[in-house]
Amino acid sequence: MTTPWWQTCVIYQIYPRSFQDTNDDGIGDLRGIARRLDYLVGLGVDAIWISPIYPSPMVDFGYDIADYCDVDPSFGVLADFDNLLVQAHRRGLKVLLDLVPNHSSDQHPWFAESRASRESQKRDWYIWRDPAPGGGPPNNWISDFGGSAWQWDEATGQYYYHAFLREQPDLNWRHPAVQAAMYDVMRFWFDRGVDGFRIDVLWHMVKAADFPDNPPNPAYRFGMGEMHRLLQRHSTDQPEVHRIAAEMREIADSYGARGQGARVLIGEIYLPVDRLMHYYGGERPEMHLPFNFQLIDTPWQARVLAAVIANYEAVLPPGGWPNWVLGNHDRPRVAARLGQAQARIAAVLLLTLRGTPTLYYGDELGLTDVVIESSDVRDPRELREPGLALGRDPVRTPMPWDDSENAGFSAVRPWLPLHADWSTRNVTRMAEDPQSILALYRRLTALRRDRRALSIGSFVLLNVQDDILVYERRHAAERLVVALNLGERPHRLQLPEWVRDSRLLLSTAEDAALVEDGVLLLGSNEAVVLEAG
């Protein structure tokens, strides 16, 4: 019972612009999240992670922050957040915020002062460099949104660095005053009662001190996006970032390190798994959960998935707790990638693997990527590199609550269009259907709560063949088998001797699988959870 809550919980990501509008402006807000807390309790999640809510010009929809210690008027006021926190905690829900420490908005007072002159006291709070000897940008670094990562400032005769949009200048994390200011931001929200942070682009935060050119990427091909033309060897994942991550962890632990009072840090880090492991820390702990995005990109094949899972488990450092993610606000939705039938299998996989799962809002309804007409595009990435399907608007569309006008999301036209089948694929309609994917998610979260083997138990891979993936979860006297069929063909699966006398706890199929004489008859696109008798 001393297991910290973040190891047993299910995290639910909310993109606040698209969850629930209460003031009829077409944009979701904090009061809307508060209104839907009972839905989240019924869904069976334990923590909500809210994408940025801070004051912002919204050039990158909240990831360009003009004030780290307040709420943007489009989402409400600080009192609305405090009320949301109180209401969530009353229901047993933890609340995590998005911390965006790598960069601010160019409208932040810090940057305005930094840009005022070369003699400004905050000049070195951001990254300024002289032109290259022959003129032009200081090096060849490319913005993640395309184009040079350096922006010329005519007034002061230098370039400033921006890993993303020019309106998002990078902070200089080598400067002690920047570190102190951002640590104070963490304390501001922890003091209000926030349970943790998801830390945006953590691996970007420190750059090589001498700013050498990045090398070309030999695997680059057209369509990947210009950022992939170079390997980000010198602009990301520098050794010095680990001291900063450790100091962030010390702050979090000072507010609570164990049990229900623990504060958690989750790092957004898109790196190969061997480098990802370094962000757990060594002698000094760093991230509680360095986000593991492998399920988003891994080919949906049993043998490949088994290898990914086994390798990840094998390389975890001592004491390192695993985590799994199927989707987020930047990547295609799972139902768009796999189809509706396999999205159900993916739900079982996500919620029965060892480790902390993160669920993206709307995935429990089987939402797919929405086709966004050119006139409706809002995402700056799509606007900067059109035609490459890199835009994130399709996965940020409004949550459908019912079949009323605008799907119960808003009384007016939403900021992004709804999915085409919103009149039937919505919370109210799917809650009435015991075979819906929403009902499946609810059964899965309930089963995780009831069987500790699914939250803290050991993991053993039992069988991989053709489209079949089978593994055991075990804790104390509980022994469960999870069997997934990733294909269209039914399978007869010989069960281990110890599970032949078993009972079916869950199936994704209406006509559930049968066990006869130690053989599991697993239908097409079916996943089951069995418990040894």
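The values are calculated or read from the model by the stated rules, or taken from the named source; none is laboratory data. Bear in mind that the values here come from a model prediction, so they are computed numbers and not experimental data. Cβ placement follows ideal geometry from the backbone for every residue including glycine, while neighbour counts extend to all protein chains displayed.
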### Message
Restricting to the range 44-82, name every residue that is part of a helix (DSSP H, G or I), surrounded by fewer than 19 Cβ atoms within 10 Å (Cβ to Cβ) and not small (Gly, Ala, Ser).
### Response
LEU78, ASP82
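Would you say PHE61 is in the same structural domain as ASN426 (by TED's automatic domain parsing), in contact (Cβ under 8 Å) with a residue 40 or more places away in the chain, of a type in the set (A, V, I, L, M, F, W, C) and on the phi > 0 side of the Ramachandran plot?
Values: in the same structural domain as ASN426 (by TED's automatic domain parsing): yes; in contact (Cβ under 8 Å) with a residue 40 or more places away in the chain: yes; of a type in the set (A, V, I, L, M, F, W, C): yes; on the phi > 0 side of the Ramachandran plot: yes.
Yes, satisfied.
With the structure loaded, tell me whether GLN13 is out of contact with any Pro (no Cβ under 8 Å at 6 or more places or on another chain), under 18 Å from THR356 (Cβ atoms) and buried (at least 18 other Cβ atoms within 10 Å of the Cβ) or whether it fails that test. Give the steps one after another, and end with the answer.
Details: out of contact with any Pro (no Cβ under 8 Å at 6 or more places or on another chain): yes; under 18 Å from THR356 (Cβ atoms): yes; buried (at least 18 other Cβ atoms within 10 Å of the Cβ): yes.
It is true that GLN13 is out of contact with any Pro (no Cβ under 8 Å at 6 or more places or on another chain), under 18 Å from THR356 (Cβ atoms) and buried (at least 18 other Cβ atoms within 10 Å of the Cβ).
Report, by residue number, each residue of the range 83-109 that is assigned to a helix (DSSP H, G or I), farther than 17 Å from PRO52 by Cβ and not basic (Lys, Arg). Working first, answer last.
Here is the first cut: in the range 83-109, the residues assigned to a helix (DSSP H, G or I) are 83-90, 109.
Those still in the list that are farther than 17 Å from PRO52 by Cβ too: 83, 86-90, 109.
Those that are assigned to a helix (DSSP H, G or I), farther than 17 Å from PRO52 by Cβ and not basic (Lys, Arg): ASN83, VAL86, GLN87, ALA88, HIS89, PRO109.
If you go through the range 191-202 one residue at a time, do you hit one that is farther than 22 Å from GLY256 by Cβ and in the same structural domain as ALA66 (by TED's automatic domain parsing)? Can you show your working first?
Residues of the range 191-202 farther than 22 Å from GLY256 by Cβ: 200-201.
Okay, now just the ones that are also in the same structural domain as ALA66 (by TED's automatic domain parsing), so 200-201.
Checked the range 191-202: at least one residue is farther than 22 Å from GLY256 by Cβ and in the same structural domain as ALA66 (by TED's automatic domain parsing).
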### Query
Limited to the range 472-506, what total is found for residues that are closer than 15 Å to SER458 by Cβ and either acidic (Asp, Glu) or touching a residue at least 40 places away in the same chain (Cβ under 8 Å) (or both)?
7
### Query
So is ARG115 basic (Lys, Arg), out of contact with any strand residue (DSSP E or B) (no Cβ under 6 Å at 6 or more places or on another chain), more than 25 Å from VAL10 (Cβ to Cβ) and in contact (Cβ under 8 Å) with a residue 40 or more places away in the chain or not?
yes
### Query
In the range 225-250, how many are surrounded by fewer than 18 Cβ atoms within 10 Å (Cβ to Cβ), touching a residue at least 60 places away in the same chain (Cβ under 8 Å) and either of a type in the set (Val, Ile, Thr) or more than 20 Å from PRO101 (Cα to Cα) (or both)?
1
### Query
Out of all the residues in the range 29-46, is one or more farther than 21 Å from VAL427 by Cβ and either among the aliphatic types (A, V, I, L, M) or at pLDDT 95 or above (or both)?
no
### Message
Quick check on the range 93-107: of everything there that is over 19 Å from the mean Cα position of the chain (by Cα) and of a type outside the set (Ser, Thr, Tyr), which residue is surrounded by the fewest Cβ atoms within 10 Å (Cβ to Cβ)?
### Response
GLN107
### Task
Could you tell me whether the range 452-461 includes any residue that is of a type in the set (Gly, Ala, Ser), touching a residue at least 12 places away in the same chain (Cβ under 8 Å) and closer than 21 Å to GLN342 by Cα?
no
#### Entry: Only listed residue being surrounded by 15 or more Cβ atoms within 10 Å (Cβ to Cβ) and either of a type in the set (Phe, Trp, Tyr) or more than 21 Å from ASN323 (Cβ to Cβ) (or both), chosen from ARG452, ARG425
ARG425
